[in-house]
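Undergrad: Provided herewith is a single structure, encoded as structure tokens, for subsequent inquiry.
Here, each number is a calculation from the coordinates, and none is a lab measurement. Everything quoted here is computed from the prediction, not taken from an experiment. We place every Cβ from the backbone using ideal geometry, glycine too, and count neighbours over all the protein chains shown.
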Amino acid sequence: MKVDLKPSSAPLPPKKSQKKKGKKKKSKAKKDDEEYVENIQEAKKLKAKFSSKKKAKDDDTAYLKVSGSNTDGPKVRNSQTHNNLLKRAEEAQVNRVFQIEFRPDVLQTLWMCALCHQRSAQDELGDLFGPYYVNIRPEEHWPSFLFKKSLKLSKNETYCIDVWFHGDCILWAPDIQMKGNQLTCLEEKLHQFWKQNCWVCKNSGATINVDNRFMHFGCAKKQGYKMDRHLLSVQL
């Protein structure tokens, strides 16, 4: 029996290509979960970084305090944190209201009433309103309580100053009325008022005449005079 040792001419079957093993891709849901966890951790870090280390001693909520000696009933007590927030808000409001653009050609006076010589919110007089502007000359009556006369000022020159008033002080000033945002006859009458001294405090700027004696509005109230706002009359 003969064996044929010659190579066979029949084609060999093709080899199967071996695929390389790669990393499996993460599912979308799992990837979103990991991002969510990372965001939570980052948020906690930021919160711990910027949060205050010391907590407030008192609670931020208001509470009722009842006292046995109090005949008016219970009173509402706010926390110190709440009161501090209110105080900051009030200060911010005041700063915003009184941001006034002053004229460069005006001599700035002290921030007090040009009639009663008192400052804002003193003796229940309320806020100051202004500024209003009047012209004065050094040789005339000079309101030294508002602006000290300087030797550099020329006697022959006319200077413009700003003035402020309490609402009640200017309301009880005779012959002065509010027209738009201006006060009528202000410059003329103001020079007159500065020559009238109050018989109570002895300061200038008295406007209320009672039995030929002049008083400021605040001084008249302290003396027990009854002020009728409707008739603008004064009586004991």
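Undergrad: Separation between the Asp33 and Ser150 pseudo-spin-labels, each 7 Å from Cα along Cα→Cβ, expressed in nm?
TA: 7.9
Undergrad: Determine, for Lys221, Lys148, Lys49, the number of other Cβ atoms within 10 Å of each Cβ, and report the residues in order from fewest to most.
TA: Going from sparsest to densest Cβ surroundings: Lys49, Lys148, Lys221.
Undergrad: Which net charge results when you count Lys and Arg as +1 and Asp and Glu as -1 among the other residues whose beta-carbon is under 11 Å from that of Glu157?
TA: Net charge around Glu157: +2.
Undergrad: Which pairs in the list Lys87/Lys189; Lys155/Lys202; Lys155/Lys226; Lys189/Lys221 are over 31 Å apart, alpha-carbon to alpha-carbon?
TA: Checking Cα-Cα distances, Lys87/Lys189; Lys155/Lys226 exceed 31 Å.
Undergrad: State whether segment 80-196 is rounded, prolate or oblate according to the following rule on the C-alpha gyration tensor (a ≥ b ≥ c being the square roots of its eigenvalues): a/c under 1.5 gives rounded; otherwise a/b larger than b/c gives prolate, and the remaining case gives oblate.
TA: prolate
Undergrad: Suppose R0 equals 45 Å; then what is the FRET efficiency for Glu139 and Phe102 from their Cβ-Cβ distance, rounded to the nearest 0.05?
TA: 0.95
Undergrad: While we're here: How do Met215, Met112, Met178 line up, fewest other C-beta atoms within 10 Å first?
TA: Met178, Met112, Met215
Undergrad: Just add up the charged neighbours of Cys201: K/R +1, D/E -1, any other residue whose Cβ is under 13 Å from the Cβ of Cys201.
TA: Summing Lys/Arg as +1 and Asp/Glu as -1 gives +3.
Undergrad: Under 5 Å between amide hydrogens, which residues at least 5 positions from Leu107 or on another chain qualify, with H placed 1.01 Å from N in the peptide plane?
TA: Placed amide hydrogens put Cys160, Ile161, Asp162 under 5 Å from Leu107.
Undergrad: So, R0 is 35 Å and r is the distance between the beta-carbons of Tyr159 and Asp127; what FRET efficiency does that work out to, to 0.05?
TA: For Tyr159 and Asp127, the calculated efficiency is 0.85.
Undergrad: Kindly put Trp111, Trp164 in sequence by how many other C-beta atoms sit within 10 Å of each C-beta, fewest to most.
TA: Trp111, Trp164
Undergrad: If the chain between Gln41 and His191 were fully stretched, how many nm would it gain, using 0.36 nm times the residue separation less the Cα-Cα distance?
TA: 46.7 nm
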